[in-house]
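K.L.:
I have a structure I would like to understand better, so I am pasting it below and will then ask my questions one at a time.
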Amino acid sequence: MKKIQMVDLKGQYNSIKDVVNPSIQEVIDSAFFINGPKVHEFQKNLENYLGVKHVIPCANGTDALQIAMMGLGLKPGDEVITADFTFAATVEVIALLNLTPVLVDVNPDDFNINIEAIKKAITPKTKAIVPVHLFGQCANMEAIMEIAKTHDLYVIEDNAQAIGANYTYTNGDKVKAGTIGDVGATSFFPSKNLGCYGDGGAIFTNNDELAHTIRGIVNHGMYERYHHDVVGVNSRLDSIQAAVLDAKLPYLDDYNKARQHAAKKYNEAFKDIDSITVPQISNNCDSICSNCDCHVFHQYTLRVTDVDRDALVKHLNEKGIPCGVYYPIPLHKQKAYLDERYNEDDFKVTNQLVKEVISLPMHTELDEEQIAYITSTVIKFING
Ligand SMILES: *Cc1c(COP(=O)(O)O)cnc(C)c1O
C-alpha cells in the first residue's frame, strides 16, 4: 500500500506534470512575472467556470477576505457576524480592519453558521455577515441572503474551502459557491481544492462597481497610474501561480468527484457505527450527493461520541494514518478574540464539536486499498 497522506500534492503533481510544467515554463520564457497574460487568462477561465462577472486575483485567501471588506467600505466599529467554528483568517481580517467581529454558533450536523444565531446577533451596528462554506459545503445561503435583505447587510462568502461546489436553491436552481453574496473570497493555498504551488487567492463579484473598486485596492489604490485615490494594498497573484492554476482548473471537477468518491466510501464503511456521525449534506441536495457537486469535501470530518477522540487520533497516527482536528479551539476562546460580551451558552455546538471532530485523509489520490485500511482501523479502535 502507498504511504497514506493527509493531502497528496506530490502524487497529484506527478499525474499532471506534462500540463503544469509547460504552463510554468511559458511564464519563465516570457518573463512576464507580475500581471502577465497568464493571470488574465486564468481570471477569464475562472469567471467562465464559476459563471460570475468578475474574478479579481490576489495574493492569498486572507487578503481576499480583507480586500472584499475594504471594497465594501466597512468602517471601524461596524459589526461583522461570522462563525465561531472556522479557520482564524476569517475573524482575523475583521479585527485587523478595526471592525468588530461577532462570533456565532454553528450547526451540529453540517458545521456551518447557524441561522437563528445570526438573527440573534444582529444589532443596529451590524453591517455584514461572513458565512464560511466549511469543509466544502455552502452555508444556508438562501436564509442568509434573506436576513441580509431584511436588515440591509452585506454578505461576504468565505469560499476558501468550497471552490467548485454548487449551491442548490429550494427551486432547484444551482449556482457556484462564492457567487451568491455581494462578494466571495477564495484561497489557492496548495492543499485547497484548487491549489497552486505557493500562495494565491481571488475575489468574486457580479457587481461592476465593486469589482472596479477592488481592482484598485489590490493595486495600491491606483485607478490611473500613480494616482492613488484610496488606501490600497499590494496583493497580486503572480504569473507562475496563475500558470499552475490555469493548468489545473480543467481538472477541478474531476478532483472534486474523486473527493466525493472517497467520502462515499467512508460513509458506507461507517454507516452502522453508532458512535460515528458522518458529515451531513444540507441545502436541498439529495442525501448522498450522488449526482451533484453540493459538497466538495475539502475535509471529510466525522463526529465521534462515546470515544476518546484524542486517543483515536493518536492510534491512527501510530498506524500510519495522518488525521486532523479542524478545529480544536473555538474562535471565541482564542486569546486574540476574547470578548466579554460573549456568553458560553451561545456557543454550545462549537464547544461540543471541538471535542468530537476528526478529519480523515482527503485528497484526489486516495485509493480503495488506503480507504479500506483507514476505515477498518477506525472501526477496530471504536469496537475495541
Ligand atoms: C485557507 C483558508 C483561508 C485563508 O486562505 P490563505 O490563502 O491561507 O490566506 C481563509 N478562510 C478559510 C475558511 C480557509 O480555510
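K.L.:
Of all residues in the stretch 70-101, which are surrounded by 24 or more Cβ atoms within 10 Å (Cβ to Cβ) and either among the hydrophobic types (A, V, I, L, M, F, W, C) or within 11 Å of the ligand (Cβ to nearest atom) (or both)?
P.N.:
Hits for the stretch 70-101 are V80, I81, T82, A83, F85, T86, T90, V91, V93, I94.
K.L.:
Identify all residues within the stretch 247-269 that are within 20 Å of T375 (Cα to Cα), surrounded by fewer than 20 Cβ atoms within 10 Å (Cβ to Cβ) and in contact with a helix residue (DSSP H, G or I) (Cβ under 7 Å, 6 or more places away or on another chain); write none if there are none.
P.N.:
Hits for the stretch 247-269 are K265, A269.
K.L.:
Being within 28 Å of L74 (Cα to Cα) and away from the ligand (no atom under 16 Å from the Cβ): is that true of T213 here? Give the derivation first.
P.N.:
Values: within 28 Å of L74 (Cα to Cα): yes; away from the ligand (no atom under 16 Å from the Cβ): yes.
Spelling it out, T213 is indeed within 28 Å of L74 (Cα to Cα) and away from the ligand (no atom under 16 Å from the Cβ).
K.L.:
Oh, and also: Can you spot a residue in the stretch 191-199 that is open to solvent by 20 Å² or more (accessible area, probe 1.4 Å), more than 14 Å from the ligand (Cβ to nearest atom) and either part of a strand (DSSP E or B) or in contact (Cβ under 8 Å) with a residue 60 or more places away in the chain (or both)?
P.N.:
no
K.L.:
Can you pull out every residue in the stretch 1-30 that is under 28 Å from Y300 (Cα atoms), of a type in the set (S, T, N, Q) and open to solvent by less than 50 Å² (accessible area, probe 1.4 Å)? Show your work before the answer.
P.N.:
Initially, the stretch 1-30 is screened for residues under 28 Å from Y300 (Cα atoms), giving 1-17, 20.
If we keep only those that are of a type in the set (S, T, N, Q) as well, we get 5, 12, 14-15.
Of everything in the stretch 1-30, just one residue is under 28 Å from Y300 (Cα atoms), of a type in the set (S, T, N, Q) and open to solvent by less than 50 Å² (accessible area, probe 1.4 Å), namely Q12.
K.L.:
Now a separate question. Checking L338 against (1) in contact (Cβ under 8 Å) with a residue 12 or more places away in the chain; (2) under 25 Å from the mean Cα position of the chain (by Cα): exactly one of these is not met. Which one?
P.N.:
(1)
K.L.:
OK, next. Which of the helices (runs of 4 or more DSSP H) contained wholly in the stretch 23-122 include at least 3 residues that are in contact with a Pro (Cβ under 8 Å, 6 or more places away or on another chain)?
P.N.:
Details: elements: 37-50, 61-71, 89-96, 115-121.
In the stretch 23-122, the matching helices (runs of 4 or more DSSP H) lie at 37-50, 89-96.
K.L.:
Are any residues in the stretch 154-174 free of Cβ contacts under 8 Å to residues at least 60 places away in the same chain and open to solvent by 10 Å² or more (accessible area, probe 1.4 Å), and if so, which ones?
P.N.:
Scanning the stretch 154-174 gives N171, D173.
K.L.:
Among the candidates N284, N256, N267, which residue alone is of a type in the set (S, T, N, Q) and without any contact (Cβ under 8 Å) to a residue 24 or more places away in the chain? I'd like the intermediate steps shown before the answer.
P.N.:
Numbers: N284 fails: without any contact (Cβ under 8 Å) to a residue 24 or more places away in the chain; N256 fails: without any contact (Cβ under 8 Å) to a residue 24 or more places away in the chain.
Only one candidate passes the filter, namely N267.
K.L.:
Next question. Among the candidates D238, D229, D254, D246, single out the residue that is more than 19 Å from L74 (Cα to Cα), touching a strand residue (DSSP E or B) at 6+ places or on another chain (Cβ under 8 Å) and of a type in the set (D, E, K, R).
P.N.:
On the way: D229 fails: more than 19 Å from L74 (Cα to Cα); D254 fails: touching a strand residue (DSSP E or B) at 6+ places or on another chain (Cβ under 8 Å); D246 fails: touching a strand residue (DSSP E or B) at 6+ places or on another chain (Cβ under 8 Å).
Exactly one of D238, D229, D254, D246 is more than 19 Å from L74 (Cα to Cα), touching a strand residue (DSSP E or B) at 6+ places or on another chain (Cβ under 8 Å) and of a type in the set (D, E, K, R), namely D238.
The values are calculated or read from the model by the stated rules, or taken from the named source; none is laboratory data. It should be emphasised that the depicted structure is a prediction, and the values quoted were computed from it without experimental measurement. Don't worry about glycine lacking a Cβ; one is built from the backbone with ideal geometry, like all the others, and counts go over all protein chains shown. The area values use the complete protein model at the heavy-atom level, side chains included, leaving out ligands, DNA and RNA. Shrake-Rupley method; radii C 1.70, N 1.55, O 1.52, S 1.80 Å.
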